[in-house]
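Take a look at the structure below.
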Amino acid sequence: MTISAEPTTEVVTSAVVPPSSPVKTPWSQRSGWLSQHLGTAIVGAVLGYVFGHWLGNYVASGYTYIANSGQNSIADALALIFMTFGWLLGIGALNYPLAKIVGRSAPEEVIAKGWTKYVRYSTDHKVVGMQYIVGVLLFLFTGGLLAMAIRTELLNPTTHVFSADTYIKIVSEHGTIMMMMATSIIVGPLGNYLVPLMIGARRMAFPRIEAFSFWVFIAGYMVIFSALPYGGFPTGWTGYAPLQTQAGPGMVSYLLGFAVIGLGMMAAGFNIAVTIINYRAPGMTWSRVPIFVWSLLATAALLTLATPVLFAGGLFGLLDKTAQTAFYVTEHGGSSFLWENLFWFFGHPEVYIMALPGFGIVGELIPVFCRKPLFAYKVAAAGMIGVALLSFFVWQHHLFQSGINPDMRPLFMLTTELISIPTGFIFLVGMGTLYRAKIRFEVPMLFCMAVFFNFLIGGITGVFLSDVPVNVTVHGGFFVLSHFHYTIMGGLLFAFMGGLYYWLPKMTGRMMNKKLGLVHFWTMLVFFNLTFFPMFIIGLLGQPRRVFTYAKNLQGLNDFSSVSAFLLGASFLVFLVNFMWSMYINPVMAPANPWDSLGLEWQTATPVPSYNFERIPVIMTDPYHYGEVGAPALADFGDGPPAPLGSSSTTGSDPA
Amino acid sequence: MANENSTNETHHLRNITVIWLILSVIVDLLFWFLVGPHVPPGTMTSSAKGNQFDFTFLCLMALPVLIGVWVYMGYAIRIWSAKRPGAEEPMTGPNARTNKTAQVSWIVITSVAVLFLAGFGTVELVISQGSGGGEGPNPIWTPPGATKAEAAALTPKASWSANSNQVLTVQVIAQQWKFTYRYPQFGGFETTQLVLPANTNIAFNVTSLDVIHSFWAYQLDVKADANPQQNDVAFTQTKQLGSFTVRCSELCGIWHGTMFNSGKVVSEAAFMSWAQSTEQANAQNTADLPPFAWTYVPDANGAAGGYYTDGNVTPYSTVEIYGSKQSAP
């Protein structure tokens, strides 16, 4: 039906060019230190920063932010913009487009050998996936440390560890970094690594755009982190104007940070959507696409369509702060509601950018460990598309008490509650698959079960929030805070961990240690719930978000939550120890298919060759024939009779 | 074989349903009697009481859903684990992939529940006059007499008297980082104390002088964002005497955490005497204030931090800046 001949014949040029090619290699492509890599990117970023700062001070010398302080928003903004350009120039992301612009033939990116490929601009989707793992963990652990600081401050309502000023900046930085991390935590590492393997493609549709999305993601980290040395920003991750307009230079980092991250999100979404639509192997019809790929298609659509609004909104704010425009300044004809609308018009699809990939992982993993086909596959796929569509029609539920037109409230209450129908499909699918299964409780499966447990609480409390009368009580308090931690952390992050335990053996050829994995899982599940469940009660008892002091009678609950949070933080250290131990210190070679999965990604060699499949497979059926005797083989690899199902599925189909 | 399968099926589904039903009834009853009456934020006003009922109602609906999924999961973990001695082989066949009855009934049940909840929420929102939430400058769900009282509040002759069933108009002015209140029906005096009469419809007119704040009178269950240059109106009817807490629930800068104070609901007669005596005591101060209005131009150089980086005040404001006439303390 949707067989595409083109990818079957095409081979990535870079993959077949041997290192000893007679073509003269430009300096930027050489191996060794005299080429482009992380080091030159850092040099480029530093030079760009210095140049931009000088330029800003030169063109706008009178615009000190605070009289005689030497702080100049224009200089700060230009410094960060040129830093991003310098970074991209240094890593080599701009070689190809610049060469094309001046009309020269652009060099093909050579995929470096050895570990140095991970610190280079690599167009191999597997390298980008691995780079993203390091990238998202960088975000995650930075944000996590800030969370520990928040819980430390909230140990006592009257004795303060931080000043009110420092505290609010920690809260803001925590929220923003975590939100940025959550946009990419599954799409980046697992999406980039697995999509071509799961759809039987040799590469992504746009490998350069894919690599660009990663390096710009890291540039986004630098920009948002620069808020701290700039003195932070006091607005939380929502960045409401006029507080945004009033804030100091750290706000520049926030606004530009979202714009830069937004570039990466748009690039990643566009690349993944085009890849899934056009690069499926012959026979990979829409009803045979793995459910994880469906979830990424829905996510990619959201990334591509919702992020431009954030990008534009961030740039408007940046112009308000630098060029003195008045998009959000009421006195001069702007409106603070404009930011609220733009931000949440992006912000609510964003919530599903963070939820859908998690559903996809759960849907993909549960059949493997249940030894049963995925139940109601079509409902699952339809649910994901339904969630993606509806997510554009619910944003004003964030503004129920804002004073925005009240006659829209019943409508947004309705759309918000409607979205729980397609969201609920994932429970139908999960519970149907569990029905009369033979469940193996391996670590990835435990994480999937935990997603159901946590997301159920997160989803149901979402219905409470969508009810306008109840929203009066719970809006802006710890109740909503707990709700979205249950969905994002309890759903997305647990699913990511499940996916990591499940696919790392494929990605690295090494098994994660099961005992440490169990310790990690149980501590994370228990302390996650002990941290966040009391916050529902704290919120109902009247504690607003983002406060450094609170009512004395809430200290017991806050302390309980804080201590649990420290232990939750410790569970991430268990993960880190397990990761280092199993991947580097004492690696145990993984079997070719440790979970007996039928997925296409497990049917190529480990480590995956740079061209993924020797021949493009012809897909014969869907990958969920678990427990079926005499089921057809998943794919024809063109190298003899297909392997019988249920046997160790890599033999006979292994192209290596 | 087919018979055995169907008996198995009935057997599992019956077990799960029975456990679910018993647990749901027990938990719902316990919640209704033990927790329901204590659900925050109490019953001090009509909106608090209404929203407390809504919250309890949603809990009564949500708990069986939670229990249903948990019972199912627990059953699956216990019965369908591969580790269980004598574990059966997993179910196969077309029924393992799709089951029309299960899918259709799931979709129908969730859709009906969701549509019912949306309808329920809308009805509760409308009959409770906005449930205490900020309805913006042109509220559409208003208590009787509110529109008249609001219109009159802007005229110098506005007045309010005890036991008259009139709506009391209160203006909440938020600024970094405090709330003050103006009473237009008592000459427009401004005070830091929020005192309200019992058994009275109150119209809170919330505005801000600088950034976005949110007026959250916790026990009254009133929440309305304070936007600069916008009047955000919220209604409630006071029911019980007592004191309540006011907090800012929208991040408004460094000292957001300390932006709280308290107020009290007193009898109508006590309110009347407090309002009249405060009006007299504050007469001089009131004369220095700008005339009562729904919004005031923010201080372009003060609390809001200044929108011009050179430190100049907005040059073309035709409205006097709030508080500018007051002499330095």
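The values are calculated or read from the model by the stated rules, or taken from the named source; none is laboratory data. Quick caveat, the model's predicted, so the values are computed rather than measured. Cβ sites come from the backbone with ideal geometry, for glycine too, and all protein chains shown count toward neighbours.
Brief remarks on what is shown
- Test result for A:Pro410, out of contact with any strand residue (DSSP E or B) (no Cβ under 7 Å at 6 or more places or on another chain), within 7 Å of another protein chain (Cβ to nearest Cβ) and touching a residue at least 40 places away in the same chain (Cβ under 8 Å): yes
- Applying the condition of being among the hydrophobic types (A, V, I, L, M, F, W, C) and part of a helix (DSSP H, G or I) to the stretch A:531-548 and asking which residue is nearest to the chain's Cα centre (by Cα) yields A:Phe532.
- All of B:Thr245, B:Thr236, B:Thr207 fail the test of being touching a residue at least 12 places away in the same chain (Cβ under 8 Å), part of a strand (DSSP E or B), within 10 Å of chain A (Cβ to nearest Cβ) and over 22 Å from B:Thr295 (Cα atoms), apart from B:Thr245.
- Summed over the stretch B:38-73, the residues that are more than 7 Å from chain A (Cβ to nearest Cβ) and over 21 Å from B:Ile109 (Cβ atoms) give a count of 12.
- Within the stretch A:106-201, helices (runs of 4 or more DSSP H) holding 1 or more residues that are under 30 Å from A:Gly556 (Cβ atoms): A:125-153, A:164-184
- Residue that is nearest to the chain's Cα centre (by Cα) [pool: residues in the stretch A:391-405 that are surrounded by fewer than 24 Cβ atoms within 10 Å (Cβ to Cβ) and at the interface with chain B (Cβ under 7 Å from one of its Cβ atoms)]: A:Ile404
- Filter pass, B:Gln219 being in contact with a Phe, Trp or Tyr (Cβ under 8 Å, 6 or more places away or on another chain), within 11 Å of chain A (Cβ to nearest Cβ) and part of a loop (DSSP other than H, G, I, E, B): yes
Yes/no matrix, rows are residues, columns are (1) hydrophobic (A, V, I, L, M, F, W, C); (2) within 30 Å of B:Thr207 (Cα to Cα); (3) touching a residue at least 60 places away in the same chain (Cβ under 8 Å); (4) surrounded by fewer than 24 Cβ atoms within 10 Å (Cβ to Cβ):
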residue: A:Leu305; (1), (2), (3), (4): yes, no, yes, yes
residue: A:Gly333; (1), (2), (3), (4): no, yes, no, yes
residue: A:Leu342; (1), (2), (3), (4): yes, yes, no, yes
residue: A:Phe345; (1), (2), (3), (4): yes, yes, no, yes
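- Failed item, numbered, when B:Ala198 is tested on (1) in the same structural domain as B:Gln240 (by TED's automatic domain parsing); (2) buried (at least 22 other Cβ atoms within 10 Å of the Cβ); (3) of a type outside the set (S, T, N, Q): (2)
- Assessment of the stretch B:102-118 against the conditions (closer than 30 Å to A:Tyr377 by Cα, of a type in the set (Phe, Trp, Tyr) and either within 14 Å of another protein chain (Cβ to nearest Cβ) or surrounded by fewer than 18 Cβ atoms within 10 Å (Cβ to Cβ) (or both)) yields at least one matching residue.
- On inspection, B:Pro197 passes the criterion of being modelled with pLDDT of 95 or more and more than 11 Å from chain A (Cβ to nearest Cβ).
- Qualifying positions in the stretch B:248-279 - among the acidic types (Asp, Glu) and either away from chain A (no Cβ under 13 Å) or under 18 Å from B:Thr192 (Cβ atoms) (or both): B:Glu268, B:Glu279
- Identity of the residue in the stretch A:508-560, among the basic types (Lys, Arg) and in contact with a strand residue (DSSP E or B) (Cβ under 9 Å, 6 or more places away or on another chain), that ends up nearest to A:Tyr118 (Cα to Cα): A:Arg510
- Just one of (1) farther than 23 Å from A:Ser564 by Cα; (2) away from chain B (no Cβ under 14 Å); (3) in a helix (DSSP H, G or I) fails for A:Met512. It is (3).
- For beta carbons closer than 6 Å, sequence separation of 6+ or different chains, a first residue in the stretch B:274-295 that is more than 13 Å from B:Arg182 (Cα to Cα) and a second that is surrounded by 16 or more Cβ atoms within 10 Å (Cβ to Cβ) and not polar (S, T, N, Q), the qualifying pairs are B:Trp274/B:Val195.
This table checks each residue for (1) at pLDDT below 95; (2) away from chain B (no Cβ under 12 Å).
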site: A:Thr531; (1), (2): no, yes
site: A:Phe536; (1), (2): no, no
site: A:Ser564; (1), (2): no, yes
site: A:Phe575; (1), (2): no, yes
site: A:Asn586; (1), (2): yes, yes
site: A:Met589; (1), (2): yes, yes
site: A:Leu598; (1), (2): yes, yes
site: A:Gly638; (1), (2): yes, yes
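- Count - residues of the stretch B:236-253 that are surrounded by 16 or more Cβ atoms within 10 Å (Cβ to Cβ) and either among the hydroxyl-bearing types (Ser, Thr, Tyr) or at positive phi (or both): 5
- A Cβ distance below 6 Å, combined with a sequence gap of six or more or placement on separate chains, defines the contacts here; from the stretch B:20-37, residues that are of a type in the set (Gly, Ala, Ser) reach residues that are in a helix (DSSP H, G or I) in the pairs B:Ser24/B:Pro64; B:Ser24/B:Ile67; B:Gly36/B:Thr56.
- Neighbours by Cβ (under 9 Å, 6+ apart or cross-chain): first from the stretch A:158-169, under 13 Å from A:Arg546 (Cβ atoms); second in a loop (DSSP other than H, G, I, E, B) and of a type in the set (D, E, K, R): A:Tyr167/A:Arg546; A:Ile168/A:Arg546
- The set of residues from the stretch B:121-161 being within 14 Å of another protein chain (Cβ to nearest Cβ), of a type outside the set (A, V, I, L, M, F, W, C) and assigned to a helix (DSSP H, G or I) comprises B:Gly121, B:Thr122, B:Glu124, B:Gln129, B:Gly130, B:Ser131, B:Gly132.
- Positions within the stretch B:92-118 being within 24 Å of A:Gly630 (Cα to Cα) and outside any loop (DSSP other than H, G, I, E, B), in sequence order: B:Pro94, B:Asn95, B:Ala96, B:Arg97
- Residue list for the stretch A:440-487, restricted to those being touching a residue at least 60 places away in the same chain (Cβ under 8 Å), outside any helix (DSSP H, G or I), on the phi < 0 side of the Ramachandran plot and buried (at least 22 other Cβ atoms within 10 Å of the Cβ): A:His475, A:Gly477
- Some residue of the stretch A:570-582 being in contact with a Lys or Arg (Cβ under 9 Å, 6 or more places away or on another chain) and either hydrophobic (A, V, I, L, M, F, W, C) or closer than 30 Å to A:Lys169 by Cβ (or both): no
- The residues in the stretch A:422-474 that are of a type in the set (Val, Ile, Thr), in contact with a Phe, Trp or Tyr (Cβ under 6 Å, 6 or more places away or on another chain) and within 7 Å of chain B (Cβ to nearest Cβ) can be counted, and the count is 3.
- Within the stretch A:219-259, being more than 14 Å from chain B (Cβ to nearest Cβ) and surrounded by fewer than 22 Cβ atoms within 10 Å (Cβ to Cβ) holds for A:Tyr221, A:Met222, A:Phe225, A:Ser226, A:Leu228, A:Pro229, A:Tyr230.
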